1. Among the residues of the range 29-73, count how many are part of a loop (DSSP other than H, G, I, E, B), surrounded by fewer than 11 Cβ atoms within 10 Å (Cβ to Cβ) and of a type in the set (D, E, K, R).
2. If I filter the range 45-60 for residues that are closer than 17 Å to PHE76 by Cα and at pLDDT 90 or above, do I get at least one hit?
3. Any idea how many residues of the range 35-71 are touching a helix residue (DSSP H, G or I) at 6+ places or on another chain (Cβ under 8 Å), over 15 Å from LEU18 (Cα atoms) and of a type outside the set (Val, Ile, Thr)?
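The values are calculated or read from the model by the stated rules, or taken from the named source; none is laboratory data. Predicted model, so just to flag it, every value in this text is computed and none were measured. Cβ placement follows ideal geometry from the backbone for every residue including glycine, while neighbour counts extend to all protein chains displayed.
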Amino acid sequence: MSSLASPIQSTDGLILKLENISKEFTDKKNKINSKHTVINKLNLSIKNGEFVTIVGPSGCGKSTLLNLVAGLDEVFDGDTC
């Protein structure tokens, strides 16, 4: 399983770049399948040496984003560089 946050060397100093990242979950508990969007078209660029925190209320997608970046969850839409 590959990680989105693999070390890269870039001329612009970026170590992580996410473009239009989206993630949905389908609720299959009820007979009606409903989709819940936790990340919607997120763009994020992190440069070498930057300190970044991710904050928000419960259920807003913080852990989901970290799982995507770490490669623990590969089902998403968008591009990584």
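1. First, pick out the residues of the range 29-73 that are part of a loop (DSSP other than H, G, I, E, B): 29-33, 48-61, 71-73.
Add one more test, that the residue is surrounded by fewer than 11 Cβ atoms within 10 Å (Cβ to Cβ), and what stays is 29-33, 49, 51-53, 55-59.
Next cut, of a type in the set (D, E, K, R) only: 29, 31.
Number satisfying all stated conditions: 2.
2. No, the range 45-60 has no match at all.
3. As a first pass, look at the range 35-71 and keep what is touching a helix residue (DSSP H, G or I) at 6+ places or on another chain (Cβ under 8 Å): 38-39, 42, 54-56.
Retained after the next criterion (residues that are over 15 Å from LEU18 (Cα atoms)): 38, 55-56.
Pick out the ones that are also of a type outside the set (Val, Ile, Thr) and you get 56.
So the count comes out to 1.
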